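Asks: I am attaching a structure below and will ask some questions about it afterwards.
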Amino acid sequence: MPIYEYRCPHCGKEFEKLVPMHTDPREVECPHCGKKGVEKKMSLFGMGGTGLGGLSVSQGSSCGTGGST
Ligand SMILES: [Zn+2]
């Protein structure tokens, strides 16, 4: 299950929650104030777009002073 980040409009706190794929954020309870109806911020696992390799790896081949044999 993916972890989603939510923000509660009631108390203004942000939190992460492990929820099933198609969970409606309106059905998610805020752990701080206990109210339903939070806003989804984003997914840590890149939903609906870049699924794989979300982390950008900067190219840094530190292989000495370009010595090719
Ligand atoms: Zn809240």
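Asks: Among the residues of the stretch 30-40, which ones are more than 12 Å from the chain's Cα centre (by Cα) and surrounded by 15 or more Cβ atoms within 10 Å (Cβ to Cβ)?
Replies: Going residue by residue through the stretch 30-40, those that are more than 12 Å from the chain's Cα centre (by Cα) are 30-39.
Residues satisfying the conditions are CYS30, VAL38.
Asks: Could I ask something else about it? Can you name the residue in the stretch 36-69 that is part of a strand (DSSP E or B) and either of a type in the set (Asp, Glu) or within 10 Å of TYR4 (Cβ to Cβ) (or both) and is also modelled with the lowest pLDDT among such residues? Can you show your working first?
Replies: If we filter the stretch 36-69 for residues that are part of a strand (DSSP E or B), which is where we start, we get 36, 39-43.
Okay, now just the ones that are also either of a type in the set (Asp, Glu) or within 10 Å of TYR4 (Cβ to Cβ) (or both), so 39-43.
On the way: GLU39: 94, LYS40: 92, LYS41: 87, MET42: 66, SER43: 57.
Residue satisfying both the conditions and the ranking: SER43.
Asks: Report, by residue number, each residue of the stretch 1-35 that is part of a strand (DSSP E or B) and among the charged types (D, E, K, R). Let's see the steps before the verdict.
Replies: Step one: filter the stretch 1-35 for residues part of a strand (DSSP E or B), giving 3-7, 14-18, 29.
Of everything in the stretch 1-35, those that are part of a strand (DSSP E or B) and among the charged types (D, E, K, R) turn out to be GLU5, ARG7, GLU14, GLU16, LYS17, GLU29.
Asks: Right, something else. Pairs, please: C-beta under 8 Å, at least 6 apart or cross-chain, first residue more than 13 Å from TYR6 (Cα to Cα) and in the stretch 21-35, second away from the ligand (no atom under 13 Å from the Cβ) and in a loop (DSSP other than H, G, I, E, B)?
Replies: Between residues of the stretch 21-35 that are more than 13 Å from TYR6 (Cα to Cα) and residues that are away from the ligand (no atom under 13 Å from the Cβ) and in a loop (DSSP other than H, G, I, E, B), the close pairs are MET21/MET1; MET21/PRO2.
The values are calculated or read from the model by the stated rules, or taken from the named source; none is laboratory data. As the structure is a computational prediction, the values presented were derived from the model and not from experiment. Cβ atoms come from the backbone with ideal geometry, glycine included; neighbour counts cover every protein chain shown.
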